Number of protein chains: 2
Amino acid sequence: MEGLPLRGDLFDPDCPTRVVLDRIGDKWTVLVVSALSTGTLRFTELRARVGGVAPKVLTQTLRALERDGILIRTIYAQVPPRVEYQLTDLGRSLAQPIAAIQDWAEGHVGAVLAARNSYDSSVA
Amino acid sequence: MEGLPLRGDLFDPDCPTRVVLDRIGDKWTVLVVSALSTGTLRFTELRARVGGVAPKVLTQTLRALERDGILIRTIYAQVPPRVEYQLTDLGRSLAQPIAAIQDWAEGHVGAVLAARNSYDSSVA
DNA sequence: GTCATCAGTAACCGCTGGTTACCGTCATCA
DNA sequence: TGATGACGGTAACCAGCGGTTACTGATGAC
């Protein structure tokens, strides 16, 4: 019955930890953070790097991540405009577990797709 | 399929790795896998454990995870019905990176919420 | 008779993720 | 003097899906 828990309980729907999970649970977040983990990128570079993302969605994702202190958005008063995105320390700390997820995903695609095929053919 | 690595490229939108990411990128998946990582659970137990999940959504999540070979669904011909869910080896391997995410989320709620407040008050 | 248990479905609905189109500004090129 | 293109986005629009509240069916307990 602590007042304000330093560590949240993910299983409590009212715990703010959930909102953090919602951030992470966005597929674009994973890709963006992963892309930025190697260094600063501009909007268009991110767009190219993260294949298939629509500009609006990328903007939303970046704004949300900026709001959450995961990355910093730097605007240079130039024409054409120049906007750079880079991870904060917080963002870099997030990049590690995200890399683990990414690693798992890339490493187990085969197994998952196999399970999926097997499941689909058995249910049919 | 064989045990060949078959590493995908997450940044390619046409790579099947993306579908795996979509699975993981579901917030309920994280919670369900995490809940099951400590042992077998029944539907109602899962529902109670994962606070705030609607039955339909839980069913969808569980079916998807079953299809992907992350967990196994065992039905006992009883009345009232008894259905148990447990992680497969694949699921247990996923539980590790997921635990890392969960850990990060629980450990950095404060920082994220602080960043959020700061952002919101500066933008206004 | 009727209540509760369990594991879900049925029907509905609003939001939001996603799409394409378009914007202003300035340098460059014909 | 247009015309064009780069850049970093917004505007308007829409389908789908996540989420909600009912409701089901079989059985044992009361």
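Taking the Cα centre of the protein assembly as shown as origin and assigning +1 to Lys and Arg Cβ atoms and -1 to Asp and Glu Cβ atoms, the resulting dipole is close to 460 debye. Using the 1.4 Å probe convention, the accessible area of the stretch B:17-123 works out to 46 Å² per residue with neighbouring protein chains retained. Would you mind classifying the protein assembly as shown by shape? Square roots of the alpha carbon gyration tensor eigenvalues, ordered a ≥ b ≥ c; an a/c under 1.5 is rounded, otherwise it is prolate if a/b is larger than b/c and oblate if not. Because a/c hits 1.5 or more and a/b fails to exceed b/c, the protein assembly as shown counts as oblate.
When B:T44, B:T17 are compared by accessible surface with a 1.4 Å probe, the order from highest to lowest is B:T44, B:T17.
A Förster radius of 35 Å, combined with the Cβ-Cβ distance separating A:V123 from B:Q96, puts the computed FRET efficiency at roughly 0.75. To the nearest 10 square angstrom, what accessible area does B:S122 show with a 1.4 Å probe? Its heavy atoms expose roughly 90 Å² to the probe. The average projected area of the stretch B:17-123, computed from the convex hull of its Cα atoms over all directions, is 8.5 nm². Placing a label point 7 Å from Cα along the Cα-to-Cβ axis, A:S93 is separated from the same position in the other copies by 3.0 nm, shortest listed first.
Of the accessible area of the protein assembly as shown, computed with a 1.4 Å probe over protein heavy atoms only, carbon and sulfur atoms account for 54 percent.
Interface of B with A. Using a 1.4 Å probe and counting protein heavy atoms only, the two chains hide about 5200 Å² of accessible surface, both sides summed. Along the axis of the charge dipole computed for the protein assembly as shown (Cβ charges of +1 for Lys and Arg, -1 for Asp and Glu, origin at the Cα centre), the listed residues A:Q96, B:L46, A:V50 are led at the positive end by A:V50. Label-to-label distances for B:P16 across copies, nearest first, come out at 4.2 nm, using points 7 Å from Cα in the beta-carbon direction.
Phi-derived couplings, Karplus 6.51 cos²θ - 1.76 cosθ + 1.60 at θ = phi - 60°, listed residue by residue for the stretch B:14-19: 8, 7, x, 4, 4, 5 Hz, with x used for Gly and Pro.
Each copy carries B:A54; placing its label point 7 Å along the C-beta direction from Cα gives inter-copy distances of 2.3 nm, listed from smallest up. When chain A is described by a simple charge dipole with +1 on each Lys and Arg Cβ and -1 on each Asp and Glu Cβ, the residue from A:V30, A:T17, A:S121 located farthest towards its positive end is A:V30. Computed from point charges on the beta carbon alone (+1 for Lys and Arg, -1 for Asp and Glu), the dipole magnitude for the stretch A:9-87 about its Cα centre is near 500 Debye. Relative contact order, percent, of the stretch B:17-123 when contacts are C-alpha pairs under 8 Å separated by at least 6 residues? Relative CO of the stretch B:17-123 lands at 27 percent.
The values are calculated or read from the model by the stated rules, or taken from the named source; none is laboratory data. Only a predicted model underlies this, so the values are computations on that prediction, with no experimental measurement involved. Note: ideal-geometry Cβ built from the backbone for every residue, glycine included; neighbour counts use all protein chains shown. Just so you know, the surface numbers come from the protein's heavy atoms only, side chains and all, with ligands and any DNA or RNA stripped out. Shrake-Rupley method; radii C 1.70, N 1.55, O 1.52, S 1.80 Å.
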